[in-house]
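Working notes, beginning with the structure itself.
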Amino acid sequence: MKKGIHPETYRLVAFKDMSNEDVFITRSCATSKENITIDGVEYPLVKLEISNTSHPFYTGKMKIVDTAGRVDMFYQRYKNRKK
């Protein structure tokens, strides 16, 4: 690898899928304001809306994840249009 092009802040970070509460730990340089303790070790916590444990492609289950009401806004905007 070339020297000086990769961040120096790589460390173990816990990522938490908020839709199913799954937590996995990997090396990352993502910043975080929260911490989580797993097996007596404290890790920075990054919250995710969706991960491979809840994504329909990986699980085979269709599920609408709508955290900001985007689907409802779409239906409201186009409800009066003719088919």
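Listing for the model above:
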{"item": "Extended-chain gain in nm, criterion 0.36 nm per residue less alpha-carbon gap, Lys47 and Asp72", "result": "6.6 nm"}
{"item": "Potential lengthening between Asp39 and Asn20 on full extension [0.36 nm per residue; Cα-Cα distance subtracted]", "result": "4.9 nm"}
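Throughout, read-outs are computed from the coordinates displayed, never taken from laboratory work. Model, not experiment: these values are computed from the prediction.
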